[in-house]
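Participant: Just passing along the structure, written as structure tokens.
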Amino acid sequence: MSSRELLELAEHPLISIGVHTSHHRRLVELPEADQQSEMAGCLDDLNGRIGASDRLLAYPYGSQNAQTALVAKRSGFRFGFSVEPGWISVFDKPLRLPRFDPRSEQQINTVLTVA
């Protein structure tokens with residue numbers, strides 16, 4: 001995707017664009033400084049391409065813990081998503097959120113049951 005296409009997508013009112021780190025490394029296996037570099041570098045790159053982003057982070061491999069969430073907060077992120085399936089509630093920590101998987105039969109059935 002070109003920078004122009006990315007900017008056009010980012011301007012759509014129903015789309016939020018986040019990042020996945022610079023090199024897709026397992027963050028919990030890295031020293032804090034390297035975690036920060038992976039996160040902030042990618043966020044800076046995205047902001048340079050589209051202006052201010054929504055500051056969303058999808059942890060590579062879902063690799064995150066309390067320290068990683070703190071680094072994400074210090075790096076300017078508002079929300080961080082793991083790969084753990086689940087529903088987001090007001091009780092969740094914003095930088096340690098589960099991910100809704102639209103391919104999950106169990107999650108889809110729950111949506112259909114509630115609706």
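For (1) at pLDDT below 90; (2) open to solvent by 50 Å² or more (accessible area, probe 1.4 Å); (3) under 21 Å from LEU6 (Cα atoms), each residue gets a yes or a no:
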| position | (1), (2), (3) |
| --- | --- |
| GLN35 | no, no, no |
| MET39 | no, no, yes |
| LEU43 | no, no, yes |
| LEU70 | no, yes, no |
| PRO85 | yes, yes, no |
| PHE100 | yes, yes, no |
| SER104 | yes, no, no |
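Participant: Among the numbered criteria (1) surrounded by 13 or more Cβ atoms within 10 Å (Cβ to Cβ); (2) at pLDDT below 90; (3) not β-branched (Val, Ile, Thr), which one does ASN109 miss?
Facilitator: (1) is the only condition that ASN109 fails.
Participant: Now for a different question. Of these, ARG49, ARG26, which one is open to solvent by 60 Å² or more (accessible area, probe 1.4 Å) and at pLDDT below 95?
Facilitator: Only one candidate qualifies: ARG49.
Participant: Considering (1) in contact with a helix residue (DSSP H, G or I) (Cβ under 6 Å, 6 or more places away or on another chain); (2) part of a loop (DSSP other than H, G, I, E, B), say which one THR68 fails and leave the rest.
Facilitator: (2)
Participant: Kindly indicate the residue of the range 1-23 that is closer than 15 Å to ALA58 by Cβ and hydroxyl-bearing (Ser, Thr, Tyr) and also surrounded by the fewest Cβ atoms within 10 Å (Cβ to Cβ) among those meeting that condition.
Facilitator: Among them, the one singled out is SER16.
Participant: Please name all residue pairs, on different chains or six or more residues apart, with Cβ atoms under 6 Å, provided the first residue is in the range 1-12 and is within 20 Å of ARG55 (Cβ to Cβ) and without any contact (Cβ under 8 Å) to a residue 12 or more places away in the chain and the second residue is among the acidic types (Asp, Glu) and assigned to a helix (DSSP H, G or I).
Facilitator: Cβ pairs passing all conditions: none.
The values are calculated or read from the model by the stated rules, or taken from the named source; none is laboratory data. Since the structure is predicted, the reported quantities are computational estimates derived from the model, not experimental observations. As a convention, Cβ positions derive from the backbone with ideal geometry for all residues, glycine included, and neighbour counts pool all protein chains shown. The accessibility values were calculated without ligands, DNA or RNA, using every heavy atom of the protein model including side chains. Shrake-Rupley method; radii C 1.70, N 1.55, O 1.52, S 1.80 Å.
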